[in-house]
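J.: Here it is, the structure, as structure tokens.
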Amino acid sequence: MIDDWTTLAGESPASLATGAELIARWSEPHRRYHTLDHLSAVLAAVSQLAEPAGDLAAVRLAAWFHDAVYDGRPGWDEERSAQLAQSRLRGCGVPASRVSEVARLVRLTAAHDTLTAGDRNGAVLCDADLAVLGRPGYDDYAARIRQEYAHVPDDLFRMGRAEVLRRLLAVPRLYRTERARELWEERARANMSGELAALTGMRD
């Protein structure tokens, strides 16, 4: 994956060091879903959805950083990841305006339903991050999320996870880009509804 990073961020010593650090972070042993496979999938989805983005390089950089810090602490992880992006990208020669945009985009992934209308970069990144919801392998994804929260008792996990799913299902459109809606909206809603029913014991 380092080639993907250097294509984006260059081959300066700082860029190479940052790329190696990011790969090491995404490879941490406590991760089960938020791994290099997830990063690769998000980057691939960004490429699928790229057309609306106003600054595609910023979106791709944000994908690299969006779960670079992952301790299973929603909100805190994204904030620390955004701070990491601000710290590292300056040394890689990324313009200050783009660094700010990357950090903003990373923070957006803490709560996808806060995305505002007209945020084209945010729409591409958030849709790419949520692409897993509408792709094959949803059950494996859900199981890996549970593994990452193995320290949380079952009843508390079910309550928290159910709340996340209800919030996502409540929005009129899960995906903000037209292409993502075409590709994943229907399947994602079916997948999440099935998981929610299983969590709450309300299967038909």
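The values are calculated or read from the model by the stated rules, or taken from the named source; none is laboratory data. Note that this is a predicted model, so its numbers are computed, not measured. Every residue, glycine as well, gets a Cβ built from its backbone with ideal geometry; the counts of neighbours run over all protein chains shown. Only protein heavy atoms, including side chains, enter the accessible area calculation; ligands, DNA and RNA are left aside. Shrake-Rupley method; radii C 1.70, N 1.55, O 1.52, S 1.80 Å.
J.: Among GLY91, GLY10, GLY72, GLY54, which is the only one that is open to solvent by less than 20 Å² (accessible area, probe 1.4 Å) and either of a type in the set (Gly, Ala, Ser) or in contact with a Pro (Cβ under 8 Å, 6 or more places away or on another chain) (or both)?
T.: Of the residues listed, the single one that is open to solvent by less than 20 Å² (accessible area, probe 1.4 Å) and either of a type in the set (Gly, Ala, Ser) or in contact with a Pro (Cβ under 8 Å, 6 or more places away or on another chain) (or both) is GLY72.
J.: Given the residues GLY134, GLY118, which is the only one that is of a type outside the set (Ser, Thr, Tyr) and more than 17 Å from the chain's Cα centre (by Cα)?
T.: Just one listed residue meets the conditions, GLY118.
J.: ARG146 - would you say it is part of a helix (DSSP H, G or I), closer than 28 Å to GLU21 by Cα and open to solvent by 10 Å² or more (accessible area, probe 1.4 Å)?
T.: Judged against the criteria, ARG146 is a match.
J.: Let me ask something else. If ALA50 satisfies every condition in (1) part of a helix (DSSP H, G or I); (2) of a type in the set (Gly, Ala, Ser); (3) within 19 Å of the chain's Cα centre (by Cα) but one, which is the exception?
T.: Unmet condition: (1).
J.: Right, next: Does ALA162 satisfy the condition of being farther than 26 Å from ALA62 by Cα and not β-branched (Val, Ile, Thr)?
T.: Here the answer is yes, as ALA162 does meet what is asked.
J.: Would you please list the contacts, defined by Cβ atoms under 8 Å and residues six or more apart or on different chains, that run from a residue in the stretch 136-149 that is touching a residue at least 24 places away in the same chain (Cβ under 8 Å) to a residue that is assigned to a loop (DSSP other than H, G, I, E, B) and open to solvent by 90 Å² or more (accessible area, probe 1.4 Å)?
T.: Sorted first by the residue in the stretch 136-149, then by its partner, the pairs are ARG144/ARG32; ILE145/ARG32; GLN147/ARG32; GLU148/ARG32.
J.: Can you confirm whether GLU195 is among the acidic types (Asp, Glu), at pLDDT 95 or above and closer than 22 Å to ARG31 by Cβ?
T.: yes
J.: Here are some residues: GLU101, GLU195, GLU182. Which one is open to solvent by 60 Å² or more (accessible area, probe 1.4 Å) and part of a helix (DSSP H, G or I)?
T.: Of the residues listed, the single one that is open to solvent by 60 Å² or more (accessible area, probe 1.4 Å) and part of a helix (DSSP H, G or I) is GLU182.
J.: Another question, if that's okay. Take ALA96 and tell me if it is small (Gly, Ala, Ser), touching a helix residue (DSSP H, G or I) at 6+ places or on another chain (Cβ under 8 Å), surrounded by fewer than 16 Cβ atoms within 10 Å (Cβ to Cβ) and under 21 Å from SER15 (Cα atoms).
T.: When the stated conditions are applied, ALA96 passes them.
J.: Right, something else. Considering only residues that are closer than 22 Å to GLN48 by Cα and in contact with a Ser or Thr (Cβ under 7 Å, 6 or more places away or on another chain), which ones fall in the stretch 82-107?
T.: Answer for the stretch 82-107, where residues must be closer than 22 Å to GLN48 by Cα and in contact with a Ser or Thr (Cβ under 7 Å, 6 or more places away or on another chain): just VAL106.
J.: If you check LEU43, LEU39, LEU61, which single one turns out to be over 20 Å from GLU148 (Cβ atoms) and in contact with an Asp or Glu (Cβ under 8 Å, 6 or more places away or on another chain)?
T.: Of LEU43, LEU39, LEU61, the one residue that is over 20 Å from GLU148 (Cβ atoms) and in contact with an Asp or Glu (Cβ under 8 Å, 6 or more places away or on another chain) is LEU43.
J.: Of all residues in the stretch 111-143 being among the small types (Gly, Ala, Ser) and either in contact with a Phe, Trp or Tyr (Cβ under 9 Å, 6 or more places away or on another chain) or part of a helix (DSSP H, G or I) (or both), which is surrounded by the most Cβ atoms within 10 Å (Cβ to Cβ)?
T.: The residue in question is ALA128.
J.: Mind checking which residues of the stretch 53-74 are over 26 Å from ARG161 (Cα atoms) and not in a loop (DSSP other than H, G, I, E, B)?
T.: LEU56, ALA57, ALA58, VAL59, ARG60, LEU61
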